[in-house]
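Note sheet for the following structure.
Here, each number is a calculation from the coordinates, and none is a lab measurement. Keep in mind that this is a model prediction, so the values were computed, not measured. Every residue, glycine as well, gets a Cβ built from its backbone with ideal geometry; the counts of neighbours run over all protein chains shown.
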Amino acid sequence: MTPFPQSFPATRLRRLRQADWVRRLTAENTLTPSDLIWSLVVHDGEAARIPVAAMPGVDRLNVAEAAAAAKRAKALGIPAIAIFPHIDPAHKDADGRESLNPDGLIPTVIKAMKDAAPEVGVICDVALDPFTTHGHDGLIDEAGYVLNDETTAVLIDQALVQAEAGADVVAPSDMMDGRIGALRTALEADGYINTLILSYAAKYASGFYGPYREAIGSATALIGDKKTYQQNPANTDEALREVAMDIAEGADMVMVKPGLPYLDIVRRVSETFAIPTYAFQVSGEYAMIQAAAQNGWIDGERVMLESLLAFKRAGASGIITYFAETAAQKLG
Ligand code: PBG
């Protein structure tokens, strides 16, 4: 016997789809504002908002606007905001030293957001690419190879600066081996026992990050690509090894990135490990939906909500998305 014997017309699956009430009653997955992490780009200039051309609807926000956004997140029921910095190119160098400035953009934004809306979680990217002249996530040698252990040492200092400023979650997005364990040890040693680590555990070397590089101003800078540290899009098992390592080293939550093209990875990770698993609907995914919507080729709002629900169906605990505010408004 098959597990699902079908006999027609005893079984007419369309009975369950005939009206809104029964479709809602039988829905297997739901999307709520509590599922959303708002991906927010901030900048260190005066202008309140600077549009990102490749991401229609996304602006870089100054510190005051970021604080106002945190208040809106609270009102909308969005649990957390992930912040990404665009800094003045004059502050960039080969070592990304600005990432360690306790009075830099990110620490300033963290404090402003926690003052404005202490109930909203603040998540900080741990990586050097917004701060380096070469656009890589870490320190490079003469050949341009990203150095693993030397980079990890700097990332730990960067994360401690974020924790000191009040970040609730530090989220290493760099893919260096061993950085989660090193970070956990350093946080414990400095007394930050409740600072969460959200590991970008399975992060792929992806073309879908294109618009993000414009957003944070690392597009023109990037020399080469990130294939020696980010994962090969051809691989699945490797993602499970990455996640297993990060959990063993002390990650509280893990992430799969990009999102929609990698739902198979989200499914495998969420099924294999009993740990909160997030997916990042990245800049290129956002841009594709917005571009098609602007052309009138798709119903943008509908596709936005459908794409976010797809993450829930795949087993994600939540979604990091540039759509968070708009989606929460529709869902609320
Ligand atoms: C950098 C970082 C990237 C993103 C988040 N953190 C880009 C990259 O790895 O090149 C991408 C976000 C997006 O595309 O929305 N460490």
The alpha-carbon pair-distance distribution computed for the stretch 153-240, with 10 angstrom bins and whole-percent values, is 15, 40, 33, 12, 0
For the chain, using Cα atoms only, the Rg and Dmax in Å read 20.5, 71
Hydrodynamic radius by Kirkwood for the stretch 145-303, inverse mean 1/r across distinct Cα pairs, in Å, is 16.8
Note on the chain: contact order normalised by length, alpha-carbon pairs under 8 Å, 6 or more apart, percent, works out to 19
In degrees rounded to 10, the 0-90 angle between helix 263-272 Cα long axis and the longest Cα principal axis of the chain is 90
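Obtain the radius of gyration and the Kirkwood radius of the stretch 1-99 from its C-alpha atoms and give Rg over Rh.
Values: Rg = 23.7 Å, Rh = 18.1 Å.
On the Cα set of the stretch 1-99, Rg over Rh gives 1.31.
Take each of the peptides 238-250, 184-196, average the number of other beta-carbon atoms within 10 Å over its residues, and list them starting from the highest.
Values: 238-250: 18.2, 184-196: 14.8.
The packing order, highest mean first, is 238-250, 184-196.
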Residue-ordered couplings for the stretch 3-19, obtained by feeding phi - 60° into the Karplus form 6.51 cos²θ - 1.76 cosθ + 1.60 and rounding to whole Hz (Gly and Pro as x), are x, 10, x, 10, 9, 9, x, 3, 9, 10, 4, 5, 4, 6, 10, 6, 8
Rounded to the nearest 10, the angle in degrees between the Cα long axis of helix 148-165 and the longest principal axis of the Cα atoms of the chain comes to 80
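Tell me the relative contact order for the stretch 221-332 as a rounded percent, counting alpha carbon contacts under 8 Å between residues six or more apart.
Values: 120 pairs, mean separation 27.2, N = 112.
Reported relative contact order: 24 percent.
Taking the mean number of other Cβ atoms within 10 Å as a proxy for protection, how do you rank 88-95, 297-304 from highest to lowest?
Numbers: 88-95: 13.8, 297-304: 15.2.
Packing proxy ranking, top to bottom: 297-304, 88-95.
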Percent antiparallel among DSSP beta bridges confined to the stretch 31-331, nearest 5, equals 10
Percent relative contact order for the stretch 23-73, counting Cα pairs under 8 Å at least six residues apart, stands at 29
Rounded to the nearest 10 degrees, the helix 179-189 long axis (Cα) sits at an angle to the longest Cα principal axis of the chain of 70
With Cα springs under 10 Å, the Gaussian network model of the chain assigns the largest mean-square fluctuation among ALA127, ALA67, ALA19 to ALA19
For the stretch 82-176 (alpha-carbon point model, no solvent) the Debye-based log₁₀ I(q)/I(0) at q = 0.13, 0.20 Å⁻¹ works out to -0.41, -0.90
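Where does the chain land at 222 nm, in deg cm²/dmol rounded to the nearest 500, when only DSSP H runs of n ≥ 4 count, each adding -39500 (n - 2.57), divided by all residues?
Values: 11 runs with 124 residues, N = 332.
So the helix-based figure for the chain works out to -11500 deg cm²/dmol.
For the stretch 126-180, take the alpha-carbon Rg, divide it by the Kirkwood Rh, and send me Rg/Rh. Each step should come with its number before you reach the end.
On the way: Rg = 11.2 Å, Rh = 11.5 Å.
When Rh is taken as the Kirkwood radius, the ratio is 0.98.
What does the extension gain come out to for ALA10 and ASN235, with contour length at 0.36 nm per residue minus their alpha carbon separation? Each step should come with its number before you reach the end.
Working: separation 225, 0.36 × 225 = 81.00 nm, distance 4.34 nm.
Contour length minus the Cα-Cα distance gives 76.7 nm.
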